[in-house]
Structures are given as C-alpha cells and as structure tokens.
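The next block holds one structure in the form of structure tokens; read it before the comments.
The values are calculated or read from the model by the stated rules, or taken from the named source; none is laboratory data. Since we're looking at a predicted model, the values are computed, not measured. Cβ placement follows ideal geometry from the backbone for every residue including glycine, while neighbour counts extend to all protein chains displayed.
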Amino acid sequence: MRYLTSVLLLLLAANVHAGSLSETIQARYKSITTLQASCTQILTNAGSRQVETRTGKMLFKKPGLVRWESKSGNDEELLLVGKKKVWDYFPAEKTVYVSDVKQAFASQNMLRVLTGEARLEEDFVLEQQGTEQGLLKIKLTPREPESDLVLAWLWWNEKTSLVERFLIIDFFGNGNELRLGRIRLNKDISDRAFEFVPPAGVSVLNATTGS
C-alpha cells in the first residue's frame, strides 16, 4: 500500500469540519457523497533524486470506500479499501496483499480520516502561503508527525472549493505529490466497485506478514 497516505490526506481534505480555514470548504465537502477523478502522481526519492510518475484514476464513496488504479509503464496496481478489507493487487506479479481495514490503519489518525471523523485543524497546523498557478497554497504541519507524513501542502481551487493538488513529505524527505483532474462529484457508484475477488492463479498474501 505504497500510496495510501495520499488517498487518506485527500479524504481528510474531503472531511473538513466547521472551524477550518473557510466555511466554504466545509460546506462544499459536506455535500459530497462520491468523488471520481483522474490522477497524476509524482514520487521523488530524496536520496537518489529519482522521480517516478504514475497515472490512473480514483473513486471515493462515503463513508470510507476507495478504489485507486495506477500505472507506471507496465507496472500496474489496484488498491481497494472496502467495508472490511483492504486489497492491494499487482497483476504483473499475480499477487494481492490483503488486510483488515483496522489492521491496515494502525494509526488512529488515519482511521479517523477514513471514517470521516478527522478534523483538519485539530490534526494539523495550517498556514496559508499565497497562490500558485491560480490555486491557494496551504501548508499543513502535523501536530503529531508520523513516519510517512511529517509535512504536507494542499492547493485549493477557490472557484470550485476543491483540493486539486497535494504534496506529502515523509520522515526521509521523500516527496509524494498527487494532482487531480476531471473531477466529478456525486455520481452514482455501486459498492461493487470497491469489492475484490482474487482471479484464479493469484497469490493472496497477508499485508503485514507477507505470507
């Protein structure tokens, strides 16, 4: 689950509660029940400075269902967060890693994000840093940093009241940036989109033990 933190930060932005930077943001996301978007993800290794770009699409349905498909060259990945299980499928390797939702989110903050209980300003110190390419840039400093998230930025479109881009920095300085496009809201999405049945011949491994 290499990119789960990115998804969860987006969901945190989508569950902003009253008292945040803007009542407009809160009202906008409160009205959202589903979200569909194309994604471009840019992963930067702090040590080697190597950059990997992945493209794909994401579906989100409240209260906490996620479907994330991404690809870089021939490397494909499907991440599903269902009602009870989290599936991380790599077709080329014929392998899927599975875990319980609560097991996958050992961090209580992450679990609160997924269930919509998180409050942005309670979990982060927010700082507006002007505009960049027409988007309001907001710095987020975690009140309780974790290894996969020590600093983050959001870029918010004031016209649509939607977050279109964000960047996460982990403990090692690695960058994980996600840019969203073709955002569609409140379209009907079946719960079946978040279910997974391992294809024949695919190895099913425990995400924690790898066995």
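Taking Thr44 as meeting all but one of (1) at pLDDT 90 or above; (2) buried (at least 16 other Cβ atoms within 10 Å of the Cβ); (3) over 17 Å from Glu177 (Cβ atoms); (4) polar (S, T, N, Q), write down the number of the exception.
(3)
Would segment 100-113 turn up any residue that is at pLDDT 90 or above, closer than 30 Å to Ser203 by Cβ and among the aromatic types (Phe, Trp, Tyr)?
No, that holds for no residue.
So which of Leu167, Leu154, Leu178 ends up being touching a Cys at 6+ places or on another chain (Cβ under 9 Å), of a type in the set (A, V, I, L, M) and crowded, with 17+ Cβ neighbours inside 10 Å?
Details: Leu167 fails: touching a Cys at 6+ places or on another chain (Cβ under 9 Å); Leu154 fails: touching a Cys at 6+ places or on another chain (Cβ under 9 Å).
The unique qualifying residue is Leu178.
Between a first residue in segment 124-149 that is small (Gly, Ala, Ser) and a second residue that is assigned to a loop (DSSP other than H, G, I, E, B), which pairs have beta carbons less than 8 Å apart while being 6 or more apart in sequence or on different chains?
Close Cβ pairs satisfying both conditions: Ser147/Asp170; Ser147/Phe171.
Give the number of residues within segment 134-151 that are among the hydrophobic types (A, V, I, L, M, F, W, C), within 19 Å of Ile183 (Cβ to Cβ) and surrounded by fewer than 20 Cβ atoms within 10 Å (Cβ to Cβ). Walk me through it before giving the result.
Let us first name the residues in segment 134-151 that are among the hydrophobic types (A, V, I, L, M, F, W, C), namely 135-136, 138, 140, 149-151.
In the following step, the residues that additionally are within 19 Å of Ile183 (Cβ to Cβ) were identified as 135-136, 138.
Cutting the leftovers down to surrounded by fewer than 20 Cβ atoms within 10 Å (Cβ to Cβ) gives us 135-136.
Looking only at that region, the number is 2.
Output the residue which, of all residues in segment 47-66 that are surrounded by fewer than 17 Cβ atoms within 10 Å (Cβ to Cβ) and part of a strand (DSSP E or B), is farthest from the chain's Cα centre (by Cα).
Among those residues, the one meeting the criterion is Val51.
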